[in-house]
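> Can you read through this structure? Questions will come right after.
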Amino acid sequence: MTVHTTHDSPLGALLLVGEESSDGVTLTRLSMPGRRGAPAVRADWRRDDRAFTEATRQLSAYFAGHLTRFELRLAAEGTQFQQRVWQALDDIPYGTTTTYGALAERLGVPRAEIRALGAAVGANPLLLVRPCHRVIGADGSMRGYAAGVERKVRLLTHEGTLQPMLG
């Protein structure tokens, strides 16, 4: 059964979607308001806040600055290539960034296929917990982020990768 909940965060209400089984919930999607292609809650999904207790605890700890790596059961649907790219995102440490080119090199993706790698990063259905926000352009620029570049900048600033901007 597909279950969902929302979690208030500094980035807005996060939508968590998962598949329930006898041994708990496996997170399949995490999206933010305004995210391209964000799932809409469907009538056949059941809201179950308790099923996501551990996920929301970890999200709160992350935003409080007490958690640098999520330890959740994840299962996102995607092609074999997307799965490879998404698993590589898990290895980008908190407080660091990598470039699309460096990620491609690490995965053995030819330069001619970097756009496909970028598309796979952009299709990541588990924003934040699978840290696609840590992938930036070779020149240090903030390339796209499915939930908006402003949120990407906020996440990288929160993680100490970017310096806060004076307002």
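The values are calculated or read from the model by the stated rules, or taken from the named source; none is laboratory data. All of these numbers come straight from a predicted model, not from anything done at the bench. Glycine gets a Cβ as well: all are built from the backbone with ideal geometry, and neighbour counts include every protein chain shown. For accessibility, only protein heavy atoms count, side chains too; no ligands or nucleic acids. Shrake-Rupley method; radii C 1.70, N 1.55, O 1.52, S 1.80 Å.
> Identify, from the list L72, L89, the residue that is within 22 Å of V153 (Cβ to Cβ) and touching a helix residue (DSSP H, G or I) at 6+ places or on another chain (Cβ under 8 Å).
Exactly one of L72, L89 is within 22 Å of V153 (Cβ to Cβ) and touching a helix residue (DSSP H, G or I) at 6+ places or on another chain (Cβ under 8 Å), namely L89.
> Moving on to the next point. Regarding segment 77-89, can at least one residue be identified that is in contact with an Asp or Glu (Cβ under 8 Å, 6 or more places away or on another chain), open to solvent by less than 30 Å² (accessible area, probe 1.4 Å) and of a type in the set (A, V, I, L, M)?
no
> Under the condition of being modelled with pLDDT of 95 or more and of a type in the set (D, E, K, R), which residue from segment 106-133 is surrounded by the fewest Cβ atoms within 10 Å (Cβ to Cβ)?
Step by step, filter segment 106-133, then rank; the result is R106.
> Let me ask another. So D91 clears everything in (1) closer than 24 Å to P33 by Cα; (2) under 15 Å from the mean Cα position of the chain (by Cα); (3) of a type outside the set (G, A, S) except one condition, right? Which one?
Checking D91 against (1) closer than 24 Å to P33 by Cα; (2) under 15 Å from the mean Cα position of the chain (by Cα); (3) of a type outside the set (G, A, S), the one that fails is (1).
> Which residue is surrounded by the most Cβ atoms within 10 Å (Cβ to Cβ), if the candidates are limited to segment 144-161 and must be more than 21 Å from E77 (Cα to Cα) and touching a Ser or Thr at 6+ places or on another chain (Cβ under 9 Å)?
Going through the qualifying residues, I end up with L155.
> Here's another thing I want to ask about it. It is to be established whether one or more residues within segment 61-80 are touching a residue at least 12 places away in the same chain (Cβ under 8 Å) and assigned to a helix (DSSP H, G or I).
Scanning segment 61-80, I find at least one residue that is touching a residue at least 12 places away in the same chain (Cβ under 8 Å) and assigned to a helix (DSSP H, G or I), so the answer is yes.
> In this structure, does A64 turn out to be out of contact with any Lys or Arg (no Cβ under 6 Å at 6 or more places or on another chain), open to solvent by 50 Å² or more (accessible area, probe 1.4 Å), among the aliphatic types (A, V, I, L, M) and at pLDDT below 95?
no
> Could you grab me the full set of residues in segment 131-167 that are on the phi < 0 side of the Ramachandran plot, touching a residue at least 60 places away in the same chain (Cβ under 8 Å), part of a loop (DSSP other than H, G, I, E, B) and of a type outside the set (S, T, Y)?
Scanning segment 131-167 gives A146, A147, E159.
> Next question. Out of all the residues in segment 90-105, which are open to solvent by 40 Å² or more (accessible area, probe 1.4 Å), more than 15 Å from G118 (Cα to Cα) and not polar (S, T, N, Q)?
Across segment 90-105, the qualifying residues are D91, P93, Y94.
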